[in-house]
Each structure stands twice: as structure tokens, then as C-alpha cells.
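Student: Quick one: the structure is below, questions incoming.
The values are calculated or read from the model by the stated rules, or taken from the named source; none is laboratory data. Note that the coordinates shown come from a computational prediction; the quantities given were computed from them, not determined experimentally. Neighbour counts are summed over all protein chains in view; Cβ atoms, including those assigned to glycine, are modelled from backbone coordinates with ideal geometry.
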Amino acid sequence: MTEYTPVLVLAAISGAFAVFSVLIAPLTGPKRYNRAKVDSYECGIEPTPQAAGGGRVPVKYFITAMLFIVFDVEIIFLYPFAVEFDLLGWFGIVEMLLFIATVFVAYVYVWRRGGLEWD
Amino acid sequence: MSELFGNEAWWVIILKALLVFVVLVVFTLFNIWFERRVVARMQHRVGPNVWGPFGLLQSLADGVKLALKEEIFPKHAHKVVYFIAPVIATIPAFLAWAVIPFGPEVTIPFTDTVTPLQLTDMPVAVLYILAVTSIGVYGIVLGGWASGSTYSLLGGVRSSAQMISYEVAMGLSLVAVFIYAGSMSTSEIVAAQAEDTWFALPLLPSFIIYMIAMVGETNRAPFDLPEAEGELVGGFHTEYSSLKFALFFLAEYINMVTVSALATTMFLGGWRAPWGISQIDGANEGYWPVLWFLGKTLLFVFLFIWLRGSLPRLRYDQFMKFGWKVLIPASLAWIVVVCVMRRLIIDDDLDPTKILVVAGVLVVALLVVQFIPERRTPAVEAPEPDAFAGGFPVPPMPGKQPVAPSGAPVAPSGEKEA
């Protein structure tokens, strides 16, 4: 038994609730078949045969996701530093400033290359 | 962190887990009603007021109605992922509440068992919250993708891009709190604020950045671009109906309460009574703190609703630009300031009152700068386009003079010059 057991209990309760809701829905609701109903909804016009771009998404979103990883890793390094802040002293601050500056170089590069533009 | 976490009896754990679940579901039902009532008041309407006292049972009735609606399985939807997505969105929304502290240690009624009013706690509790709430993004992006519809897909990717963008700012704004509290455990952060002051005061910039990021993180107005009705119908849940839609709705509202509760815990002293009430004996003992905690959380929920009632939606490029080019550099700069400031305070080289003085001077300077009239070079105004082309073929409207190409008004023809 650790601190994480209650998390599993809560996950079991909420999971059971969610799965139950998904499974019960077809039984409680009516069923009236209509060909137009099962088409994708596109405000009444004849729906396109598949989602935009065949289910592919613009590359901008991938760039955002990669940028997110860079900064998320930075955050992950900042957290232990922040928790042990009192012990690390000025040495820790200088080291962390150097680290933030290093990541900032990448940030400025992305900014200058237009990676943060969204049009 | 209490010794009890991880060493409790099974029945206590199950009881608390069930309580958290019930509280969240009831809180969601209440919030939907609360939002509808408040927005209605802001728009000079009445809002739901028929079912139950003040219409409180309205959202319950809506839930039952949703269960009785037909479930539609779209033609292009993915057979498996379409059903799993709402489940993936719902479970993490509940899980985040495992480490939110509701109150201090209490005795369970009718027994002698002492237990903290918090399901569990761990040394990395806040990191855990950030981790599980991120899993909720999968539910949204998979739901949007699996529907096989253009609107859903666009809503799904927009939503995920937005959530990860604002998660960076959110994560950075919490660093300052960890520096002050020296811990990532939620109960210890609350305890640290009891010794110190509420972190919202010394860390005001972090608090503001967190509040902006939490609105972006939960896809709420004015950042509700993923479900912008005007362009994307409903966003990622366009193709969902019946109880699966209800699950997405539930997850969204729980997420809203989760970030509010996290804001309460990190910045507003958690379950501790606000100043004034805390002077009363016993205000921070027993079951009373639950009231303070829910009150503070409700304050944030009201803020969400207020924002929705008063602000128009942003454009997507403005929104992303704001997140990446303003919030992230601002929070990084603030972290550097906090590091140096905190170190100086610990080393006794700096008196906290001095910081207040400097901050006050800065604020006053900013205000003064606001009142300095901007010196503008008078812009060269382009000559007004002459819609009537000098009185031909349409004569000028009464009271108007045709404009000459040079910009100077010319006397209408047929009139003598004075």
C-alpha cells in the first residue's frame, strides 16, 4: 500500500462510471434510423467524403507540439530546482540562469525564424 | 505531509474516493446551473428557474434527458476509438482530485478513525495533477479524430495545440510557488501558506499568469476557440450525442473546477479560512475548512463565468501569439526575479518591506506613464473618397459638400461664394 493506491481506487470508480455510461446509452435511447443522420454534420450541405485533408492536420500543429516538448522538459528541470531552492544557494541560481539562458537561445531562434507565427 | 497517507484502512480509502466522486458530480451539476443563472443575470434574462428551488434541478433533468436521447454512430467514425475517447477524457478529470486537500485531519462521524480530508498526497502531487490533466487532451484529440468529420478534426487539433501551449505558461507560473513552499505536495503547500501569507500576494505576477493560463487550459471563453460555434459548430464533440456527449461535458466542467481548486490550493491558502474568519477559534478545525475551500473554488468558477459573460472570443493567431510570445517570456523573467529575491530574503540581505516599496514605486511609475499624453505626429489624412464624384451623376446629400480631389471642400456649383 502506497500513496498511489487511492488513485487507483478513484480511477476504478470513475472508470466504471464512464464505461457504464457509454455502454448504457444505446439501451436507454431510441433507435430511429435515418441515412442523413449518420452523415458527418456539415451544416446541411452535402458532407465531404472524408475529414479535411483526409484526416491529416496542418504542420503548424506539429511544430507547436515539438516546441511544447522543449519547454516542458525545461519545466521538468525547473521543478526539482525550485523544491530544493533553499539548499542550493547562489550556486543553484547561477546554474539555473545558465540553463534558462541556453533554452532561451533556442526560443529566440524559433521566434526569429517565424516558428511562433500563426497565419 | 501527514503520516496517514498511504497507510489507511481500505474502507476509509474507498469511502473517501466515493465522496470525491460524488462531490465532483454534484459540483458539476451545480456549476452548470450556476453558470446558466449568472450568465442569464448578466444578459438581463432569468435563466433556468422551474425545476426545483431556484431551478437547481435543471442540470439533473438535462442529464436524464441526454440519457434518453438517441445515440448516433456517424458513418465515418472509427469503430473503437469513437467509444473510448469520452472515457479517456473523463477518468483523468476525476483523478486530478485525488491530491486536492479539502481540509485538515478530522474524525469520521460515528467512528474513532482520524483521517485527513484529502484522498492521498505524494511528494510530487502537483506534478501528478499536471500529468493526469494532460492525459485528458488525448480524449479530446482522439474524439475529434475518430469522428471522421472536418469540424471535429479541426476542433480536436486546435484544442490540443491550445492546451499544450498554455500548459507551458501554467507550469512555469507554478515554479515560484514551489520555491516559496519548498515542496510539491499539496498539503505542504497549504501548510506553508499558513506560516507565510497567501502566495497570491508575494507572487502576484505568477497568480495572474496562472489565472490566464487556466482559462486557456480549460478551453473556456474568451479562449474557447476549439468550440467556436460560429466556425466549428461544436468543435471536437460535434458528432457526439447522448451520454457520450454528457461525458465530454462532465469532463470539461470538472477540469474547470480542477484548475480552480488548484489555484485555491497554490495561491489562496487552500482550505485555510480567510483573514478575519481565521481569528475565530476552530475556524481551521473539523469540517469547517471544507466550506472555505469550496467558497474559494466557487470564486474562481464565478470568475470563469464572468469572463464568459463579458469578453468576446479571441482570434486563433492572437491567442497563440499571446501564449508563446507574452506569457512564456514573462513567466521566465518572473522566475529569475523570484529566485534572486527569495535568495536575498533568506540570506537576510533584503527586507521584504523594501520589495513592497520598490514594487509600489514601479506601479506608481507605470500609472504615471499611462497619464503622460502620447506625442503623436499628426497623421497625414488621406483625402476622403468622394462617393458622389464631384456632384455627378448624383447630386450631394443635403448638408454635404462634394470633396475636391485635393481634400479641400469645394463650394457646390450653382451657389455663390460668400
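Student: Suppose we keep only residues that are hydrophobic (A, V, I, L, M, F, W, C) and in a loop (DSSP other than H, G, I, E, B) within the range B:217-237. Which one would you say is nearest to the other protein chains (Cβ to nearest Cβ)? Full working, then the answer.
Tutor: From the range B:217-237, those hydrophobic (A, V, I, L, M, F, W, C) are B:221, B:223, B:225, B:228, B:232-233, B:236; that's our starting set.
If we keep only those that are in a loop (DSSP other than H, G, I, E, B) too, we end up with B:221, B:223, B:228, B:233.
Working: B:A221: 20, B:F223: 14, B:A228: 14, B:V233: 6 Å.
The extreme case among them is B:V233.
Student: Shifting gears a bit: Restricting to the range B:21-60, give me the number of residues that are outside any helix (DSSP H, G or I) and charged (D, E, K, R). Before you say what the answer is, go through the steps one by one.
Tutor: Initial filter on the range B:21-60 (outside any helix (DSSP H, G or I)): B:43-52, B:56-57.
If we keep only those that are charged (D, E, K, R) too, we end up with B:45.
Number of matching residues: 1.
Student: Which one of A:F81, A:F68, A:F77 is within 22 Å of the chain's Cα centre (by Cα), at the interface with chain B (Cβ under 9 Å from one of its Cβ atoms) and within 18 Å of B:L172 (Cβ to Cβ)? Steps first, please.
Tutor: Working: A:F81 fails: within 22 Å of the chain's Cα centre (by Cα); A:F77 fails: at the interface with chain B (Cβ under 9 Å from one of its Cβ atoms).
Going through A:F81, A:F68, A:F77 in turn, just one is within 22 Å of the chain's Cα centre (by Cα), at the interface with chain B (Cβ under 9 Å from one of its Cβ atoms) and within 18 Å of B:L172 (Cβ to Cβ): A:F68.
Student: Name the residues in the range B:139-153 that are of a type in the set (A, V, I, L, M) and surrounded by fewer than 24 Cβ atoms within 10 Å (Cβ to Cβ), would you? Spell out how you get there, then give the answer.
Tutor: Start the filter on the range B:139-153 by keeping residues that are of a type in the set (A, V, I, L, M), which leaves B:140-142, B:146, B:153.
Correct list: B:L142 only.
Student: Out of the range B:6-35, which residues are modelled with pLDDT under 90 and among the charged types (D, E, K, R)?
Tutor: B:E8, B:K16
Student: Counting only residues that are part of a loop (DSSP other than H, G, I, E, B) and either more than 28 Å from B:F249 (Cα to Cα) or more than 18 Å from the chain's Cα centre (by Cα) (or both), how many does the range B:83-137 have?
Tutor: Filtering the range B:83-137 for residues part of a loop (DSSP other than H, G, I, E, B) gives B:100-104, B:108-113, B:117-124.
Of the ones still in play, those that are also either more than 28 Å from B:F249 (Cα to Cα) or more than 18 Å from the chain's Cα centre (by Cα) (or both) are B:101-104, B:108-113, B:117-124.
Residues flagged as part of a loop (DSSP other than H, G, I, E, B) and either more than 28 Å from B:F249 (Cα to Cα) or more than 18 Å from the chain's Cα centre (by Cα) (or both) within the range B:83-137 amount to 18.
Student: Report whether or not B:K69 is facing another protein chain (nearest Cβ under 9 Å) and more than 20 Å from A:S21 (Cβ to Cβ).
Tutor: Details: facing another protein chain (nearest Cβ under 9 Å): yes; more than 20 Å from A:S21 (Cβ to Cβ): no.
So B:K69 fails the test.
Student: Being in contact (Cβ under 8 Å) with a residue 24 or more places away in the chain and outside any helix (DSSP H, G or I), is that true of even one residue in the range B:241-252?
Tutor: Among the residues of the range B:241-252, at least one is in contact (Cβ under 8 Å) with a residue 24 or more places away in the chain and outside any helix (DSSP H, G or I), which makes the answer yes.
Student: Within the range B:299-323, can you find the residues that are farther than 18 Å from B:Q162 by Cα and of a type in the set (S, T, Y)?
Tutor: B:S310
Student: Could I ask something else about it? Kindly check whether there is at least one residue in the range B:87-103 that is at pLDDT 85 or above, in contact with an Asp or Glu (Cβ under 6 Å, 6 or more places away or on another chain) and within 14 Å of chain A (Cβ to nearest Cβ). Step through it out loud before you land on a result.
Tutor: Initial filter on the range B:87-103 (at pLDDT 85 or above): B:87-102.
After this cut, where a residue has to be in contact with an Asp or Glu (Cβ under 6 Å, 6 or more places away or on another chain) as well, the list is B:99.
From what's left, within 14 Å of chain A (Cβ to nearest Cβ): B:99.
Yes; the residues of the range B:87-103 include at least one that is at pLDDT 85 or above, in contact with an Asp or Glu (Cβ under 6 Å, 6 or more places away or on another chain) and within 14 Å of chain A (Cβ to nearest Cβ).
Student: Read through the list (1) exposed (fewer than 13 other Cβ atoms within 10 Å of the Cβ); (2) within 11 Å of chain A (Cβ to nearest Cβ); (3) over 26 Å from the mean Cα position of the chain (by Cα); (4) not polar (S, T, N, Q), then give the number of the only condition that B:G282 fails.
Tutor: Of everything listed in (1) exposed (fewer than 13 other Cβ atoms within 10 Å of the Cβ); (2) within 11 Å of chain A (Cβ to nearest Cβ); (3) over 26 Å from the mean Cα position of the chain (by Cα); (4) not polar (S, T, N, Q), B:G282 misses just condition (2).
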